[in-house]
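Visitor: Quick one: this structure, given as structure tokens, is what I'll be asking you about.
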Amino acid sequence: MIPERLVPLLAAGSPTHSLAARFAAADRQLYLVGGSVRDAFLGAKTEDLDFATDARPEQIVELLDGWAQNVFRVGEAFGTIGATHGDDLYEITTFRSDVYREDSRKPRVAFSDDIDSDLSRRDFTVNAMAIRLTGEGAPEMVDPYHGLADLAARVLRTPVDPEISFGDDPLRMLRLYRFVASLGFEPDATAVDAVVRMRDRLSIVSAERIRDELSKLLVGEHVAEGLWGLVHSRLADEFLSELTALELEQDPMHHHKDVLAHTIAVVGKTSADETLRLAALFHDVGKPATREFGSHGVSFHHHEVVGARMARKRMRALRYPKDTIRDVSQLVFLHMRPHTFKMGWTDSAVRRYVRDAGELLPMLNELVRCDVTTRSRKRANAISRRIDELEERIDALRKQEELDALRPPIDGNDVMSHLGLEPGPDVGAAMKMLMEYRIEEGPYEAAEAYQLLDDWWATRSG
């Protein structure tokens, strides 16, 4: 049984059919494998095409000559050759049987000669299906580990014993919950038990690979289920201990909401954007360190400041790009700011909020809205109204002044020319003073800026 979605792709006269014919003529096997097959059965769009073959990398390159527009050999050490044909990207990989050494962060690559062996080393049965392409007759379905049955049951199960599978590649433990988040499938109980027992083995996997899986998990449609899986299995302890730390002990005298459940709910409510969901994940991580009990209950004063620092530290450890770290930590730092709007905001406070949020303003407002998980409809509506009012104030100020380009009417070169200064700290201090005046008072003319500058310099130099 071949998915209808794949029929045109594999039909006679198609590029894939002609590629299969090349391999068959050379007495080599070629199979469409992995996510391409799984997604076709799920009715999802198939992006790139992944193939497996008994041909070795150098033979793959030879067989692609005259068929592919471009050939990429960057993955050759791992048996993978990339190629483009028309608008499609093809990846063709020699049958493999990778195994991690006990203390290694990288797998030892070993090639094999049969498809069953190759499929046995894949992470889950739903990804261990293949379609044999002969270049002549009809394509043949290959499903030695009953992936189709698991696909129908919406279950994630390893092709071999999970201890063997996770031992060969510990990252598969994290991939288990990544696929929970992206597919909405249930993890097999034996796989979960293996994660609980073997989770410390994730330590041999590189931070970059863990980061990539976490990011894919976070943008999944079923992200909440994926995060709960990380927590319940304690796998999060191995690379994201800040998450499980949100399971605050309940004090019998002071009741407060479950911060962990709240955090996961907030992540699930936000749009599937990596930066926004990372900010939602980290927005309350500072609470355990700032928790205090008082006469009015539990408080977490300045948890956003502590949380921003903790987010930066964890994301650096996971090797996130600097820009992503900056944006996420800024969103965490600012996420409590709009709540002060209930006390009334001046125009200067609105300007400062827009200035501090910068391009992150839409994300910040969405994070603040999603940060409301209270069961009290009255309180939720009140917070929503405050954000509505804040956005209305921002729009009103935008119409009056260039709110998205907050800057003084003169620049650093004007300051140096007017005061006879060389580049240095004084110029930066002057620009900061002029910016503060812009935020507090609104737009002003260059003449007023020079007068402010003279008065400020007289006080500073005197």
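Visitor: Lys322 to Glu140: extension gain in nm, 0.36 nm per residue of separation minus the Cα-Cα distance?
Guide: Full-extension gain reported as 60.8 nm.
Visitor: If you don't mind, there's one more thing I want to ask. Mean projection of the alpha-carbon convex hull of the stretch 380-462 over all orientations, in nm²?
Guide: 7.0 nm²
Visitor: I'd like the accessible area for Glu58, computed on protein heavy atoms only with a 1.4 Å probe and all protein chains in place. Round to 10 Å², please.
Guide: 100 Å²
Visitor: Here are some pairs, Lys287/Lys313; Lys216/Lys269; Lys399/Lys432; Lys216/Lys322; which of them have Cα atoms lying more than 21 Å apart in this structure?
Guide: Lys399/Lys432
Visitor: Counting only protein heavy atoms, what percent of the accessible surface of the chain is carbon or sulfur at a 1.4 Å probe?
Guide: On the chain, the fraction of accessible area on carbon and sulfur atoms equals 49 percent.
Visitor: Would you please calculate the Kirkwood hydrodynamic radius of the stretch 23-62 over all C-alpha pairs and express it in Å, rounded to one decimal?
Guide: 11.3 Å
Visitor: In deg cm²/dmol and to the nearest 500, what is the mean residue ellipticity at 222 nm of the chain if only DSSP H runs of at least 4 residues count, each as -39500 (n - 2.57), divided by the residue total?
Guide: Taken over the chain, the calculation gives -15500 deg cm²/dmol.
Visitor: OK, next. Can you pull the semi-axes for the stretch 311-462, root of five times each eigenvalue of the Cα gyration tensor, sorted largest first, whole Å?
Guide: The three semi-axes for the stretch 311-462 are 35, 22, 12 Å.
Visitor: I've got another one for you. How big, in percent, is the set of alpha carbon pairs in the stretch 139-181 lying more than 18 Å apart?
Guide: 36 percent
Visitor: Which value, in Å to one decimal place, does the Kirkwood hydrodynamic radius take for the chain when every pair of different Cα atoms is included?
Guide: Hydrodynamic radius (Kirkwood, Cα only) of the chain equals 26.1 Å.
Visitor: Also: Taking the solvent-accessible surface of protein heavy atoms with a 1.4 Å probe, what is the per residue accessible area of the chain in Å²?
Guide: Solvent-accessible surface per residue comes out at 48 Å².
Visitor: Can you work out the FRET efficiency for the pair Glu58 and Leu89, with r the C-beta to C-beta distance and R0 = 22 Å, to the nearest 0.05?
Guide: The value I calculate is 0.60.
Visitor: Using the Kirkwood formula over every pair of different C-alpha atoms, what hydrodynamic radius in Å results for the stretch 106-258?
Guide: 16.9 Å
Visitor: Tell me the relative contact order for the chain as a rounded percent, counting alpha carbon contacts under 8 Å between residues six or more apart.
Guide: Normalised by residue count, the contact order of the chain is 8 percent.
Visitor: Order 410-418, 208-216, 307-315 from most to least packed using the mean count of other Cβ atoms within 10 Å.
Guide: So the peptides 410-418, 208-216, 307-315, ranked by packing, come out 307-315, 208-216, 410-418.
Visitor: Report the percentage of all Cα-Cα pairs in the stretch 302-348 whose separation exceeds 16 Å, rounded to a whole percent.
Guide: 45 percent
The values are calculated or read from the model by the stated rules, or taken from the named source; none is laboratory data. Since the structure is predicted, the reported quantities are computational estimates derived from the model, not experimental observations. Reconstructed Cβ throughout: ideal geometry from the backbone, glycine too, with neighbour counts over all protein chains shown. SASA here: full protein model, heavy atoms, side chains in, ligands and nucleic acids out. Shrake-Rupley method; radii C 1.70, N 1.55, O 1.52, S 1.80 Å.
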